[in-house]
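To start, the structure under review is shown below, and the notes come after it.
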Amino acid sequence: MNFDFPAFLVLMTFVTGIVWLLDHLIWAPKRAERAAIDSEPTEPYLIELSKSFFPIVLIVLVIRSFVAEPFRIPSGSMMPTLLVGDFILVNKSAYGIRLPVLNKKVLDLGNPERGDIIVFRYPEDTKVDYIKRVVGVAGDHIVYRNKVLYINGELAEQKDIGRYIGTGGGALMTGAYHRQESLVGTEHDILVMGERPIHDFEFTVPEGEYFVMGDNRDNSRDSRFWGTVKDNLLIGKAFFIWMNWDGEGDTLISWDRIGGSIK
């Protein structure tokens, strides 16, 4: 069972806010009246707790819903850009302001572009969050053939970097071809396994949808398998690595990963 943290935050903010408001309007004045007659009454524990927690949960809700939200990378599908155990921040307002829980966009601030790394709700199970790179936007004709990407007939050129050496949870990718891909003006690194089966694909991206792929091309379930990401499933744009905790490497924390920007 998945814990719905956004819904929990909204509920806690509502409950503690109502208790604080009722106390301010009704219960506190009554306690003051009784204090004038008798000794000052003690503030009930529930009210004290609610007044303490309300500003905290409200601030967390606002930041998490409209500013930035932390996520942890659980798999190697975005290697070598993102590694297993990376803790990242996602810009929640990059593609518009959305209401928490309902995910309804109330202010449009832009759309994902090719090369953006986005976090979204998995189309086949919206309770699960996914992270991939946008390689196609509305109207793009996407062709993936012989492990090479073509966008609107233009080759996304690949430059060979050498063989990849993985560590920790990504050690299994040691020996993969490490390449730099030029995605129509933006460059990023990818991994390709020469011996893996070729999954050729051809598709035209519909309006309001995005074609996404993992940078670890032969170890990623993405739009080649389950289709595009619709706009209403977007969560935000990944932009910063603030921690790495792999658990399978020589050291628990990879200090050189901390503070890195995501591109």
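The values are calculated or read from the model by the stated rules, or taken from the named source; none is laboratory data. Note that the structure is a prediction, hence the values are computed from the model and not measured. For neighbour counting, all protein chains shown are included, and Cβ atoms are generated from backbone atoms with ideal geometry for every residue, glycine included.
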Q: Tell me which residues, restricted to segment 157-171, are under 30 Å from N244 (Cα atoms) and assigned to a loop (DSSP other than H, G, I, E, B).
A: Y164, I165, G166, T167
Q | Among the residues listed as L149, L109, the single one being at pLDDT below 95, at negative phi and out of contact with any Leu (no Cβ under 7 Å at 6 or more places or on another chain) | A | L109
(Q) Testing V212 on (1) assigned to a loop (DSSP other than H, G, I, E, B); (2) closer than 30 Å to A68 by Cβ, one condition comes back false. Which one is that? (A) (1)
Q) Under 7 Å by Cβ, and 6 or more places apart or on different chains, what pairs join a residue from segment 189-202 that is over 16 Å from P80 (Cβ atoms) with one that is part of a loop (DSSP other than H, G, I, E, B) and not aromatic (F, W, Y)? A) R196/D218; I198/N146; I198/K147
**Q.** For A35: the one exception among (1) modelled with pLDDT under 90; (2) within 28 Å of L183 (Cα to Cα)
**A.** (2)
Q: Can you work out which of the residues in segment 121-144 that are part of a loop (DSSP other than H, G, I, E, B) and touching a strand residue (DSSP E or B) at 6+ places or on another chain (Cβ under 8 Å) is modelled with the lowest pLDDT?
A: K127
Q | Criterion: touching a residue at least 24 places away in the same chain (Cβ under 8 Å) and surrounded by fewer than 12 Cβ atoms within 10 Å (Cβ to Cβ) - qualifying residue of L46, L82 | A | L46
**Q.** Hits in segment 65-101 - residues which are part of a strand (DSSP E or B) and in contact with a Pro (Cβ under 8 Å, 6 or more places away or on another chain)
**A.** F87, I88, L89, V90
(Q) On the basis of being outside any loop (DSSP other than H, G, I, E, B) and assigned by TED's automatic domain parsing to the domain that holds L107, does S182 make the cut? (A) yes
Q: Only residues that are exposed (fewer than 14 other Cβ atoms within 10 Å of the Cβ) and touching an Asp or Glu at 6+ places or on another chain (Cβ under 6 Å): list them for segment 153-174, please.
A: none
Q) So is Y177 over 26 Å from the mean Cα position of the chain (by Cα), buried (at least 16 other Cβ atoms within 10 Å of the Cβ) and hydroxyl-bearing (S, T, Y) or not? A) yes
(Q) Give me the residue from segment 183-225 that is aromatic (F, W, Y) and surrounded by 12 or more Cβ atoms within 10 Å (Cβ to Cβ) and, out of that set, farthest from R114 (Cα to Cα). (A) F201
Q. Taking the condition surrounded by 12 or more Cβ atoms within 10 Å (Cβ to Cβ) and in contact (Cβ under 8 Å) with a residue 24 or more places away in the chain, does I73 pass?
A. yes
(Q) Based on this model, can you work out whether S52 counts as among the hydroxyl-bearing types (S, T, Y) and without any contact (Cβ under 8 Å) to a residue 40 or more places away in the chain? (A) yes
Q. Can you pull out the residues in segment 215-240 that are more than 15 Å from V134 (Cβ to Cβ) and assigned to a strand (DSSP E or B)?
A. N216, F240
